[in-house]
1. Being within 14 Å of chain A (Cβ to nearest Cβ), away from ligand 2 (no atom under 16 Å from the Cβ) and of a type in the set (K, R): is that true of B:K81 here?
2. Which one of A:R154, A:R120, A:R177, A:R189 is touching a Pro at 6+ places or on another chain (Cβ under 7 Å), without any contact (Cβ under 8 Å) to a residue 40 or more places away in the chain and not assigned by TED's automatic domain parsing to the domain that holds A:V75?
3. Tell me, yes or no, whether segment B:4-16 has at least one residue that is crowded, with 21+ Cβ neighbours inside 10 Å and modelled with pLDDT under 95.
4. How many residues does segment B:70-94 hold that are in a loop (DSSP other than H, G, I, E, B) and modelled with pLDDT of 90 or more?
5. Would you list the helices (runs of 4 or more DSSP H) that sit entirely within segment B:114-205 and hold 2 or more residues that are away from ligand 1 (no atom under 16 Å from the Cβ)?
6. List every residue pair whose Cβ atoms lie under 9 Å apart, where the two residues are 6 or more positions apart in sequence or sit on different chains, the first residue falls within segment B:197-208 and is without any contact (Cβ under 8 Å) to a residue 24 or more places away in the chain, and the second residue, located anywhere, is among the acidic types (D, E).
7. Based on this model, can you work out whether B:P94 counts as without any contact (Cβ under 8 Å) to a residue 60 or more places away in the chain, closer than 23 Å to B:K132 by Cβ, surrounded by fewer than 17 Cβ atoms within 10 Å (Cβ to Cβ) and away from ligand 1 (no atom under 12 Å from the Cβ)?
8. Please state which one of B:L97, B:L67 is within 16 Å of ligand 2 (Cβ to nearest atom), more than 21 Å from the chain's Cα centre (by Cα) and either at positive phi or at pLDDT below 95 (or both).
Amino acid sequence: MATLSQKQIFKLPSCKRNDWRNALPKKYSDLEEKKIEVDCNDWSFSCRDLKQLINLLENIGIKLDKIYAKRTETVVSASSLGISAQLILPRPDLQESNQSHKDSSAENSEGILFHKGTLRSGEQIEHEGHILVLGDVNPGAQVSATGDVMICGRLMGTAHAGKGGKTSAKIVALQLRPLQLRIANQIARGPEEKPKDGLAEEALIQKGTIVIQPANSNGFCK
Amino acid sequence: MAPNTRIILICSGKGGVGKTTLTANLGIALAQQGVKTAVLDADFGLRNLDLLLGLENRIVYTAQEVLEETCRLDQALVKHKRESNLALLPAGNPRMLDWLKPDDMQRIVSMLAEKFDYVLIDCPAGVEDGFKNAASAAQEAIVITTPEISAVRDADRVIGLLNTKSIKPIQLVLNRVRPKMIASQEMLSVNDVTDILALPLLGLVLEDEQVIVSTNRGEPLTLTGSKSPAARCYGNVARRLQGEDIPLIDPSKEGQSLRDKFRRLMATKIF
Ligand SMILES: Nc1ncnc2c1ncn2[C@@H]1O[C@H](COP(=O)(O)OP(=O)(O)OP(=O)(O)O)[C@@H](O)[C@H]1O
Ligand SMILES: [Mg+2]
């Protein structure tokens, strides 16, 4: 079958078995591509598990290009290994009903992606939903989200909030001195002067342009 | 593998920031302190560690022949002519660019680890295969950078990659520091660099013309017992690596002539 993308996605079955290794296919001959994406489903992969998976695939000449996962742990492990990862949350109607807001608008069904640790030059995280980084985003690193980008640390790289067009998205950081900011389809260079320390700032679109202002006290890491 | 051998990768990302110079000087300095040290030239596409150590004309074999078992390890090791605790091993031959794989690297390093206390691996520039091979056998790393935005950016990238390989600890050496330029804010300060890279600072190395002179002679500064600023810095890096607690030099107090120092002293006395 002709696929739109040139990559093949390999989906792990739901995690009923005790070890993900048992869930891998016995032979890989049906994987023709040199790069694949793996859907980790509801398995929780530690960095070590992921590294083993990468090695397994590498031994047969296949590069792991991206993973999808339902568990944030897996996404965090992947991001810290520099693999692009995407969190897939179960559809709200399938979730347990202890959630207060059951309003099924696309926005509420989006999850928050947590990333703990500094993102270094060349590293990148991308997520459908909000992103919360606990650490710095160094020059040359990139964060992009369809929702808000929140950084409990210094933003010195590039951030894109509202990717896909959401103009109400914002970027919040404890220190906002990015190389470049993008919100929805707007692009702005970072400010020349350094911000004052200890003052969280946010960037958002006002009257069609990106402005930076002191962060609203309830806007950060809420 | 001998349990106590320290296998240290010396890398930078950006080319020409001083990896090979550091490897050579550190190798000599450690050897002088009495520890058996091997320097492995993993940058064999453009190998020049042998040049800096003045050993170019003594190379007969490389790690390649050792692994193929056409020679023994001690035949391939080139002992330094004046510092017998130091030996050089070229990882490969410039003609065999794609020969070395991570596996080979690990095998050769574990052979070295049986004979030496330190194995220093001079890494090629870049973050591609050459870097990955060199890094595959390392346990810890020294990232070297200069106070320039591009070098710092590349160092940051390399640190990110080292983190994914569980190489620990990763320490920083800041090379080619020019106190005058820092004072006039024409150069990133030490803080600017450590602020971004967030690594423990193993040492600063001052910009020093003597480095170039010694390179051309094939005699690392630390070998000749030179009192030049960089020689002192390299010596300190080696001693800190060995666990000695030596304060960092203060760039704002360096690089002044005796007369300047005297004048400053006077100034502080008077006011
Ligand atoms: N502290 C210093 N002061 C002055 N010159 C220096 C200093 N350190 C290095 N250099 C000079 O910088 C140049 C590059 O150094 P070196 O070859 O060690 O870099 P490298 O990182 O190994 O380069 P490559 O990436 O090509 O392997 C050399 O000419 C060397 O003499
Ligand atoms: Mg070199």
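The values are calculated or read from the model by the stated rules, or taken from the named source; none is laboratory data. Small disclaimer: the values here were computed from a predicted structure and weren't measured. Positions of Cβ are backbone-derived with ideal geometry, glycine not excepted, and every protein chain shown enters the neighbour counts.
1. On the way: within 14 Å of chain A (Cβ to nearest Cβ): no; away from ligand 2 (no atom under 16 Å from the Cβ): yes; of a type in the set (K, R): yes.
So B:K81 fails the test.
2. A:R177
3. For segment B:4-16, residues crowded, with 21+ Cβ neighbours inside 10 Å and modelled with pLDDT under 95: present.
4. First, the residues of segment B:70-94 that are in a loop (DSSP other than H, G, I, E, B): B:70-72, B:77, B:80-85, B:91-94.
Subsequent filtering for residues that are modelled with pLDDT of 90 or more retains B:70-72, B:77, B:80-85.
Total meeting the criteria: 10.
5. B:149-164, B:190-197
6. Close Cβ pairs satisfying both conditions: B:A198/A:D136.
7. The answer is yes for B:P94.
8. Checking each option against the conditions leaves just B:L97.
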